[in-house]
Amino acid sequence: MATKEEKIREQEIELRQILDLTPLIVAVLGPDRNVLYINQTALDYHGVAREEWPKIDFDTFFHPADWERLESEYQTRFLAGSTYETEARLRGGDGKYRWFLFHVNPLQDEQGRIKRWYVAAADIEDRKRGEEALSQAQADLTHVNRVTTMGELTASLAHEVNQPITAAITNANTCLRWLARDYPDLEEAREAASRIVKDATRAAEIIGRIRLLFKKSAPERELVDLNEVIREMAVLLRGESTRYSISVRTELAEDLPQLVGDRVQLQQVLMNLMINGIDAMKDVEGTRELIIKSQVGENEQVLVSVSDTGVGLPSQHAGQIFDAFFTTKSHGTGMGLRISRSIVESHGGRLWAADNSPAGASFYFTLPR
């Protein structure tokens, strides 16, 4: 008959065999992060023989780009004895790195002191690749929507750029006339030259904004003045609103806090909402007015509204307007509002719509400061 110690030993061997067969990487660490046990799956992945592993610093198997974050988590979570999850890349025996999801659990004694750490890691490389592919597809779709919209505005944008260029030419001719006189009027010529610089700068700024919207690049977070973004889009869409006799009015809060976001994506949201408002008023009789407001909302969030006096939300399909491919426009793709909501949500905000009284619709979005 087996003794109690022999039974425990048998159970320990059986447990080790089970752990060696699991597809998870499993390790047991001491309080100071020293490796007390590691299963065969981990050894096979790293290409290390069991007799070698006590001599190896397993910290070197982590991707260098992840190490600073892992060390920070060690200081704030590991040493505090907290159960937590984290993701990191591990180097395999072939020298390549794969993403793993780590589950870290402490074993404490009655006094709350850490005796052991149990770590299990699951390979999530395929999931990460899928997330990256999806993220890239969303970025590509967002860019296509932006370029398509800008393409539809070509005539209006050309008119907007042409105005300062025409003014610059007029001022250049004026400057030449002042200089060509028998007694050149240098003061008048200087003022005309100053107007040329101002007009050329205005044209360059408009072209710069257009190029930025056409440019395809990875999202870049920076401090953004949303009031400034609203003014920029009002300028870019001025030709389109004038074309349909639409008055654009802005009511911008002076104390609006700055926020961290991707400037081009936020421009795209405002462009989509403003163009939708303009489209809704093209064939409406009476007042045609687009109002863009900014204010500080609840919890110091930034609240922006874009309101029109158009046809309003589709009564039978109001709940579908943010669905992909749903559109009430004959030329629409049905992606503008869906993409706008995705952008706002990726910035930690919310986008919604409501009918106006007596006519039109309003779109609202909030963003954290």
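The values are calculated or read from the model by the stated rules, or taken from the named source; none is laboratory data. Just so it is clear, the model here is predicted, and its values are computed rather than measured. With ideal geometry, Cβ positions are generated from the backbone for all residues, glycine too; neighbour counts draw on all protein chains shown.
If you check R69, R77, R89, which single one turns out to be surrounded by 14 or more Cβ atoms within 10 Å (Cβ to Cβ), charged (D, E, K, R) and modelled with pLDDT of 85 or more? Can you show your working first?
Details: R69 fails: surrounded by 14 or more Cβ atoms within 10 Å (Cβ to Cβ); R77 fails: modelled with pLDDT of 85 or more.
Criteria check complete, one pass: R89.
Go through region 47-66 and count every residue that is part of a helix (DSSP H, G or I) and at pLDDT 85 or above.
So the first thing to find is which residues in region 47-66 are part of a helix (DSSP H, G or I), and the list is 53-55, 58-61, 64-66.
From what's left, at pLDDT 85 or above: 64-66.
Residues meeting the conditions: 3.
Among residues belonging to region 215-263 that are under 25 Å from N299 (Cα atoms) and assigned to a helix (DSSP H, G or I), point out the one that is modelled with the lowest pLDDT.
Within region 215-263, the match that is modelled with the lowest pLDDT is R263.
Do the conditions hold for R243, that is, is it crowded, with 19+ Cβ neighbours inside 10 Å, over 24 Å from R338 (Cα atoms) and either among the basic types (K, R) or in contact (Cβ under 8 Å) with a residue 24 or more places away in the chain (or both)?
Numbers: crowded, with 19+ Cβ neighbours inside 10 Å: no; over 24 Å from R338 (Cα atoms): yes; either among the basic types (K, R) or in contact (Cβ under 8 Å) with a residue 24 or more places away in the chain (or both): yes.
Here the answer is no, as R243 does not meet what is asked.
Got at least one residue in region 159-172 being surrounded by 15 or more Cβ atoms within 10 Å (Cβ to Cβ), modelled with pLDDT of 85 or more and in a helix (DSSP H, G or I)?
So far as region 159-172 goes, yes, one or more of its residues are surrounded by 15 or more Cβ atoms within 10 Å (Cβ to Cβ), modelled with pLDDT of 85 or more and in a helix (DSSP H, G or I).
For region 74-100, give me each residue that is touching a residue at least 24 places away in the same chain (Cβ under 8 Å) and outside any strand (DSSP E or B).
Quick first cut of region 74-100, residues touching a residue at least 24 places away in the same chain (Cβ under 8 Å) only: 74, 77-78, 81-82, 87-94, 97-100.
Residues satisfying the conditions are Y74, R77, F78, G81, S82, G92, G93, D94.
Kindly indicate the residue of region 266-314 that is assigned to a loop (DSSP other than H, G, I, E, B) and of a type in the set (A, V, I, L, M, F, W, C) and also nearest to the chain's Cα centre (by Cα) among those meeting that condition.
Looking only at region 266-314, we keep the residues that are assigned to a loop (DSSP other than H, G, I, E, B), and these are 282-288, 297, 301, 308-314.
Checking the rest, the ones that are also of a type in the set (A, V, I, L, M, F, W, C) come to 284, 311, 313.
Numbers: V284: 35, V311: 31, L313: 27 Å.
Applying the filter and picking the extreme gives L313.
So the check is Cβ under 7 Å with 6+ separation or different chains; which pairs have a first residue in region 160-182 that's touching a residue at least 40 places away in the same chain (Cβ under 8 Å) and a second one that's surrounded by fewer than 16 Cβ atoms within 10 Å (Cβ to Cβ)?
Short answer, once both residue conditions are applied: V161/I207.
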